[in-house]
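Working notes, structure below.
The values are calculated or read from the model by the stated rules, or taken from the named source; none is laboratory data. Keep in mind the model is a prediction, meaning the values are calculated, not measured. Cβ placement follows ideal geometry from the backbone for every residue including glycine, while neighbour counts extend to all protein chains displayed.
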Ligand SMILES: Cc1cc2nc3c(=O)[nH]c(=O)nc-3n(C[C@H](O)[C@H](O)[C@H](O)COP(=O)(O)OP(=O)(O)OC[C@H]3O[C@@H](n4cnc5c(N)ncnc54)[C@H](O)[C@@H]3O)c2cc1C
């Protein structure tokens, strides 16, 4: 006898508003009665799988596995930047007119559906760490910002963040002892290699473009706690990128 697989619930919210944070980052807020059912997993990198339907949203209940198999569902992965009693906040990089989620967010308007699976996640800054290091690019900026804002008062932290333009830099709301360095995507790896990691117990969060993250893994070999992950890959849409991760892991 086969045990039926428990289906992951589909969460349904409604867009309540959008705002451009920088020329390449658009914030989408969403709320509604479905918000209460979205679990809070306590991770500052909590992420969801947004659902997009190439032929339009199907009538009735949504079976993600069946729709995906039929080519009627595609997903994109996004961080929950913040959550209030009424709203969930997601910040999207708008990397031009290519792709699905970036252009969707740029055009989103109040009343639009926001459907997703999740959340997953695996990181929150360890309060007992002696120092913290955040490394990433604009795709990881929402998770980096949430992590920085969760640091205890006076925590020692450094962030190296790659942006294409100075206008894409943002401010962090933190009481930590934070040193932020904005760098270009081409120099991120070299800049991180040049950082003298402090002694003591460290906690590193390094997420972003996969090629850069792969080069950085050996740099953090001796670090006590490491969260390192590729978020996207140059020249690959997300489905192809996720498939390449599965092939690499096999
Ligand atoms: C756990 C997790 C959390 C994430 N959180 C966020 C988040 O909060 N905000 C966010 O913006 N992204 C986030 N990302 C990255 C996001 O899922 C990818 O960038 C995704 O590919 C964007 O989908 P798209 O439909 O816009 O582009 P796709 O259709 O997937 O890709 C189209 C083309 O655009 C390129 N591309 C994709 N992303 C970028 C980018 N950021 N910059 C430049 N070119 C790109 C691709 O290489 C491809 O050539 C996260 C990824 C993961 C795994």
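Values computed for the structure shown
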read-out: Flag if residue 55 is farther than 30 Å from residue 217 by Cα, within 16 Å of the ligand (Cβ to nearest atom), without any contact (Cβ under 8 Å) to a residue 40 or more places away in the chain and not assigned by TED's automatic domain parsing to the domain that holds residue 228; value: no
read-out: Residue 165, sole failed condition from (1) buried (at least 17 other Cβ atoms within 10 Å of the Cβ); (2) over 14 Å from the mean Cα position of the chain (by Cα); (3) under 23 Å from residue 92 (Cα atoms); value: (1)
read-out: Members of region 199-223 that are more than 11 Å from the ligand (Cβ to nearest atom), surrounded by 13 or more Cβ atoms within 10 Å (Cβ to Cβ) and in contact (Cβ under 8 Å) with a residue 24 or more places away in the chain; value: 201, 202, 203, 204, 205, 206, 212, 215, 216, 219, 223
read-out: Test result for residue 17, touching a strand residue (DSSP E or B) at 6+ places or on another chain (Cβ under 7 Å) and surrounded by 15 or more Cβ atoms within 10 Å (Cβ to Cβ); value: no
read-out: In region 98-123, the residues that are more than 10 Å from the ligand (Cβ to nearest atom) and free of Cβ contacts under 8 Å to residues at least 12 places away in the same chain; value: 107
read-out: Check on residue 157, buried (at least 20 other Cβ atoms within 10 Å of the Cβ) and either within 16 Å of the chain's Cα centre (by Cα) or in contact (Cβ under 8 Å) with a residue 40 or more places away in the chain (or both); value: no
read-out: Condition check for residue 234: within 13 Å of the ligand (Cβ to nearest atom) and more than 18 Å from residue 81 (Cα to Cα); value: yes
read-out: Condition check for residue 191: surrounded by 12 or more Cβ atoms within 10 Å (Cβ to Cβ), touching a strand residue (DSSP E or B) at 6+ places or on another chain (Cβ under 9 Å) and closer than 15 Å to residue 138 by Cβ; value: no
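Residue by residue, here is whether (1) modelled with pLDDT of 95 or more; (2) under 19 Å from residue 121 (Cβ atoms); (3) more than 20 Å from the chain's Cα centre (by Cα) holds:
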{"position": "179", "(1), (2), (3)": "yes, no, yes"}
{"position": "201", "(1), (2), (3)": "yes, no, yes"}
{"position": "207", "(1), (2), (3)": "yes, yes, no"}
{"position": "218", "(1), (2), (3)": "yes, no, yes"}
{"position": "231", "(1), (2), (3)": "yes, yes, no"}
{"position": "235", "(1), (2), (3)": "no, no, no"}
{"position": "247", "(1), (2), (3)": "no, no, yes"}
{"position": "250", "(1), (2), (3)": "no, no, yes"}
